[in-house]
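What follows is a set of notes on a single structure, which appears directly below.
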Amino acid sequence: MSIPGFISRNWKLKVVCFFIASVTWVGVVYAGNPPETRLITVPVPQSAIPSQFVLVHPVQDVAVRVGGDENTLASLNPATALSVTVAWSRVTHTGTYAIPMTVINNDPAIELIDPPTAVTVDVDAFESKSVPVTILQTNPPPVGYQSGAEQVTPSSVVIEGPARELAGVQARVTVDLAAQKANFQADLRVFAYDAKGTRLNDVGINRSNVSVSIAISADVTERLVAIIPRTEGTASPGHYLAAITASPITIEVTGPQDLLNGLDSVQTSPVFLNGIFGTYTQPVSLVLPPGVTAAPGKVTVTITIDTVPAPPTPTPSPTPTPSP
C-alpha cells in the first residue's frame, strides 16, 4: 500500500506542526478553564450508631480535597457530589478510637485526592435517668417581699446521654424575681447541668418546658405611729373648737415593710363638729392603708367646744362732782 504524496511529502514537518497545534490548543483550553483543587467539607451521618452507645461529642464534618477544572469546582454542590459512609457496626466498646469511613464520589467530573479513610469517635454507654427539676432564683424578690412555697409540674424530667455526662446531672429552671410582688407563675425552659454547675449541651431532655409556681408574700412588720384626729364641719355659731385629743395618741400597726417604711401617722374617721356643745367623746375607727392593720382598730376622740367669749362691756366714766 502506497501513501499518497501529499501525506508523505514533508511528513516530519507535518508531525511537528500537528504537535505544536495540539499543545497550543491544550494551552488555550486550560488557560480559560484551568484545573485546580479545592477543600470541601462533608457531613458525617451519625444516626446509625448502635443504640446501646452514644457519641460524647458529635463528629465534625470531614474535609475532603477534590480536583477538577475551575468551572466544575465553582458550580460544585458538595451535598450531592460527595457522600460519606461510616462503619458504625465497628462501635463495640466505649472510649476514643478510629472507625473506618468511606468518602463516595458521585460526580465523575471531579476526582478525590487522598480522601480520609477513618474518623475518630468518642463513644460512651447510653444512659437514661429521671432527675428532679430544681428552681434557681437568679434574683430574690424586692425589699419587703419574700418567696415561699415552690412547685414544678412535672416535678422531674428524663435526661438521656453519655453515662459519664449523667453522673451528678441536674435539671434546673432559672427564675428572676427582682420585680415580683405577686405570686409567680410561668412555663420555663429546662436545662441540664453537671455536678459543677456547667451547662450540658450534648444530652437530651424528654420535655423542654415545665410549669413553675412560686408564692410571693410581703414581709410583715410592726411600727408605732401617731394618731391624727380628723374633723369635718364647723362649730355652731358663737362656738369654736377649743381642744381635740385622741386616746391613745399612738398605736402599733402591722403590715408589709415597704408600706410601713413611709407611714408615720394615721388619721381617724371624721368627727362632725355640727351640733356639738361642751365636751364630746366618741369612739372612732382608723383609716388605714390597704394591707395595714391595727389592734385595736378604734381610738377615743375627745372634742371640746367652747362659747366664743362676749366682748367686754365698757365701764362708764364717773360723773364729775360740781364745785361749791
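Which one of the conditions (1) closer than 30 Å to residue 166 by Cβ; (2) at pLDDT below 95 does residue 107 fail to meet, given that it meets all the rest?
The single condition residue 107 does not satisfy is (1).
Assuming residue 129 fulfils every condition listed in (1) within 26 Å of residue 93 (Cα to Cα); (2) in contact with a Lys or Arg (Cβ under 8 Å, 6 or more places away or on another chain) apart from one, which condition is it?
Every listed condition holds for residue 129 apart from (2).
Can you spot a residue in region 203-223 that is touching a helix residue (DSSP H, G or I) at 6+ places or on another chain (Cβ under 7 Å), in a strand (DSSP E or B) and not aliphatic (A, V, I, L, M)?
For region 203-223, residues touching a helix residue (DSSP H, G or I) at 6+ places or on another chain (Cβ under 7 Å), in a strand (DSSP E or B) and not aliphatic (A, V, I, L, M): present.
Which of the residues that make up region 201-237 are surrounded by fewer than 16 Cβ atoms within 10 Å (Cβ to Cβ), within 25 Å of the chain's Cα centre (by Cα) and modelled with pLDDT of 90 or more?
Matches in region 201-237: 204, 206, 207, 208, 209, 211, 213, 215.
Taking region 76-112, which residues are of a type in the set (Val, Ile, Thr) and surrounded by 12 or more Cβ atoms within 10 Å (Cβ to Cβ)? If you could, list the steps in order and put the result at the bottom.
To start, the set of residues in region 76-112 that are of a type in the set (Val, Ile, Thr) comprises 80, 84-86, 91-92, 94, 96, 99, 102-104, 110.
Within region 76-112, 84, 85, 86, 91, 94, 99, 102, 103, 104, 110 qualify.
For region 136-190, list the strands (runs of 3 or more DSSP E) that sit wholly inside it and hold at least 3 residues that are at negative phi and touching a residue at least 60 places away in the same chain (Cβ under 8 Å); which are they? Walk me through how you get there before you give the answer.
Values: elements: 145-153, 156-162, 170-176, 184-189.
In region 136-190, 145-153 are the strands (runs of 3 or more DSSP E) which contain 3 or more residues that are at negative phi and touching a residue at least 60 places away in the same chain (Cβ under 8 Å).
Can you tell me which residues in region 132-189 are closer than 30 Å to residue 50 by Cα and aliphatic (A, V, I, L, M)?
133, 157, 158, 159, 163, 166, 167, 169, 171
Mind listing just one residue for me: the one in region 168-198 that is modelled with pLDDT of 95 or more and basic (Lys, Arg) and, of those, nearest to residue 144 (Cα to Cα)?
Here the answer is 172.
In the list 165, 150, which residue meets the criterion of being more than 30 Å from residue 88 (Cα to Cα), in contact with a strand residue (DSSP E or B) (Cβ under 7 Å, 6 or more places away or on another chain) and outside the structural domain of residue 58 (by TED's automatic domain parsing)?
150
Quick check: anything in region 238-248 more than 47 Å from the chain's Cα centre (by Cα), part of a strand (DSSP E or B) and exposed (fewer than 13 other Cβ atoms within 10 Å of the Cβ)? Please lay out each step first, then the result.
To start, the set of residues in region 238-248 that are more than 47 Å from the chain's Cα centre (by Cα) comprises 238-248.
Applying the additional criterion that residues be part of a strand (DSSP E or B) yields 239-247.
From what is left, the residues that are exposed (fewer than 13 other Cβ atoms within 10 Å of the Cβ) are 243, 247.
Yes, that holds for at least one residue.
Quick check on this structure: which one of 324, 270 is over 30 Å from residue 144 (Cβ atoms), outside the structural domain of residue 182 (by TED's automatic domain parsing) and either modelled with pLDDT under 85 or among the hydroxyl-bearing types (Ser, Thr, Tyr) (or both)? First the steps, then the outcome.
Numbers: 270 fails: either modelled with pLDDT under 85 or among the hydroxyl-bearing types (Ser, Thr, Tyr) (or both).
Just a single option satisfies the conditions, and that option is 324.
The values are calculated or read from the model by the stated rules, or taken from the named source; none is laboratory data. Keep in mind it's a predicted model, so treat the numbers as computed, not measured. Methodologically, a virtual Cβ is constructed for each residue, glycine included, from the backbone with ideal geometry; neighbour enumeration extends over all protein chains shown.
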